[in-house]
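The values are calculated or read from the model by the stated rules, or taken from the named source; none is laboratory data. Since the model is a prediction, treat every value here as computed from it, not as a measurement. We place every Cβ from the backbone using ideal geometry, glycine too, and count neighbours over all the protein chains shown.
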Amino acid sequence: MTSPNGDERGSAELSERGPLTVGVAGLGYWGPNLARNFAAIDGCELKWLCDADPAALARVAADHPGARAASELDALLSDPSLDAIALATPVPTHAELAVRVLEAGKHCFVEKPLATAVADAERAVGAALRAGRVLMVGHLLEYHPGVRALKELADSGELGDRIFYIYGNRLNLGRLRADENALWSLGAHDVSVLLMLAGEEPEHAVAHGESYLRPGVQDVVFCFLRFPSGLTAHLHLSWLDPHKERRFTVVGSRRMATFDDMALERKLTVYDKGFDEDARTYGEYITRSGGSFSPRVANVEPLRVECEEFVESVRSGRSPHSDGTSGLRVVRVLERLQRSLESSPVRPAGRTGASTGAHP
């Protein structure tokens, strides 16, 4: 069966003629990791490396002497033997370059987020449909074995017949960005996981943030979302924090669970805690504070799982888990949260509660 993002005939031709050929464009922070993984996958050949920075191109090319090097994406687009291109370029270029790749007849993997506006994400999804090619967005945490196990727990009823609320912390004293705020830089990860866990889009989305270090660029953002099922969620996003946290907590009607990506062991923990109805008194509840246990989580690199998913999707013609439509949903939520941020009251320059003893 052919998926909306796939092309059955093209996949059959790929299988007949040999390895899937992939090029990686954008060799700054994340691109070299994509190149390393695609080069190591059976049935996949890293054929091209592309970056406008000669130093970055030379550095990565030294690790992959069998790949051709180019400073312009056009060289990859014009190669008829190249099957797919992975984009790890700056975020504002994602949608435009994805459309170019798809219109050139190549399958496209693009790092998150798919776009910075819903209209641009829709254009990329439309280009994939017209071209009959796979469009996959690099929402890495959706391929983390711990997150997938958390999703299975929530769906199986292990945490109860209802999930009450979810909250996530993505915090660090991290690199300051000038071209994107904490919502877009950090929130794309957590929104994708939240939508995966919820299985629905929010009906209500509110965000508040503050720009402490660079005017107009929020260093810290707090998000609140409510879903049609009654599920609620809260996200705390910041690169201005003393703690380094990458954590999700799911609170169910029976049990609770936490995924902690910073933990070396016990990345997933289930807590047998909650409230049980007291059989002695109608309508009263007693606290249940049981033990905890940690299900086994496979020790595999999520990026390898993600890259293998892309290769398999191209070969089989089926939609990847984080396909273009999934990426569009994430952008839709991020855009709603951004609009809420922009409508929030702006603190006057120089005003601090500490200097006057007043609350902000």
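Candidates 248, 222: the one that is part of a strand (DSSP E or B) and in contact with a Phe, Trp or Tyr (Cβ under 9 Å, 6 or more places away or on another chain) is 248. Contact annotation: residue pairs with Cβ atoms under 6 Å, 6 or more positions apart or on different chains, pairing a residue in the stretch 174-198 that is touching a residue at least 60 places away in the same chain (Cβ under 8 Å) with a partner that is assigned to a loop (DSSP other than H, G, I, E, B) and surrounded by 19 or more Cβ atoms within 10 Å (Cβ to Cβ), are 174/239; 181/218; 188/112; 188/113; 192/139. Does the stretch 168-180 contain any residue that is out of contact with any strand residue (DSSP E or B) (no Cβ under 6 Å at 6 or more places or on another chain) and among the small types (Gly, Ala, Ser)? The answer is yes; a qualifying residue exists. The residue that is modelled with the lowest pLDDT, among those in the stretch 265-283 that are surrounded by 11 or more Cβ atoms within 10 Å (Cβ to Cβ) and assigned to a loop (DSSP other than H, G, I, E, B), is 278. Counting the residues of the stretch 70-105 that are assigned to a loop (DSSP other than H, G, I, E, B), modelled with pLDDT of 95 or more and within 22 Å of the chain's Cα centre (by Cα) gives 2. Of all the criteria given as (1) surrounded by fewer than 21 Cβ atoms within 10 Å (Cβ to Cβ); (2) out of contact with any Pro (no Cβ under 8 Å at 6 or more places or on another chain), the one not satisfied by residue 45 is (2). Being touching a residue at least 40 places away in the same chain (Cβ under 8 Å) and over 21 Å from residue 317 (Cα atoms): is that true of residue 92 here? Yes, satisfied. For residue 198, the requirement of being crowded, with 17+ Cβ neighbours inside 10 Å and under 22 Å from residue 319 (Cα atoms) is met. Residues that are surrounded by fewer than 19 Cβ atoms within 10 Å (Cβ to Cβ) and in contact (Cβ under 8 Å) with a residue 24 or more places away in the chain within the stretch 108-119 comprise 117, 118, listed in sequence order.
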